[in-house]
Amino acid sequence: MISGIIFDIVEFAVHDGPGIRATVFLKGCPLACSWCHNPEGLSPEPQTATGPAGARTIGQRFTSQQLADRLNSQADILRSNEGGVTFSGGEPLAQAAFVAEVLPLLNNLHVVIDTSGYGSEADFRLLTSLANLV
């Protein structure tokens, strides 16, 4: 079983695909765009950030089954609101094998891959073949 590193899961998201969604933000992106909305997703490893509220860890390791279980616990409400799950980042292609292992474990959920497209052709083809929307 593969594990991946997630820096956030936003529940009841409405801007990352159709309907109400759970958006999974994956760590790791090979780009360093000056307009990046999620710079905490650039590094592929967990990091410690220090701010006025103190230190916090950005990034948590999940097995594919752990992530699927968490997302499936919301499946009924996501489906009933014409939503599903969006994999964003960072860059989902940077953890393509992990995402590809999670997707078949989801309980009939609509899947969006929110990608820059920067990755290998094989990884791009793999994830887009498993997703409903890219």
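The values are calculated or read from the model by the stated rules, or taken from the named source; none is laboratory data. In this text, all values refer to a predicted model and were calculated from it rather than measured experimentally. So basically every Cβ, Gly included, is an ideal-geometry build from the backbone, and we count neighbours across all protein chains shown. Keep in mind that these areas ignore ligands, DNA and RNA; they rest on the heavy atoms of the full protein, side chains included. Shrake-Rupley method; radii C 1.70, N 1.55, O 1.52, S 1.80 Å.
What to note about this one:
- Loop GluC sites (Glu not before Pro), region 29-134 (other Cβ atoms within 10 Å of the site Cβ: 12 or fewer; DSSP): 82
- Proximal charge balance of residue 13 [Cβ under 12 Å; K/R count +1, D/E count -1]: -3
- Heavy-atom accessible area per residue - the chain, 1.4 Å, Å²: 53 Å²
- Restricting attention to the chain, close to 55% of DSSP beta bridges with both partner residues there are antiparallel.
- Once all protein chains are placed together, residue 93 keeps about 10 Å² accessible to a 1.4 angstrom probe.
- Sulfur and carbon atoms: percent of accessible area, the chain [1.4 Å]: 52 percent
- Packing rank of 86-92, 107-113, where each peptide gets the mean count of other beta carbons within 10 Å, highest leading: 86-92, 107-113
- Order of exposure, largest accessible area first, which applies to 116, 43 with probe 1.4 Å: 116, 43
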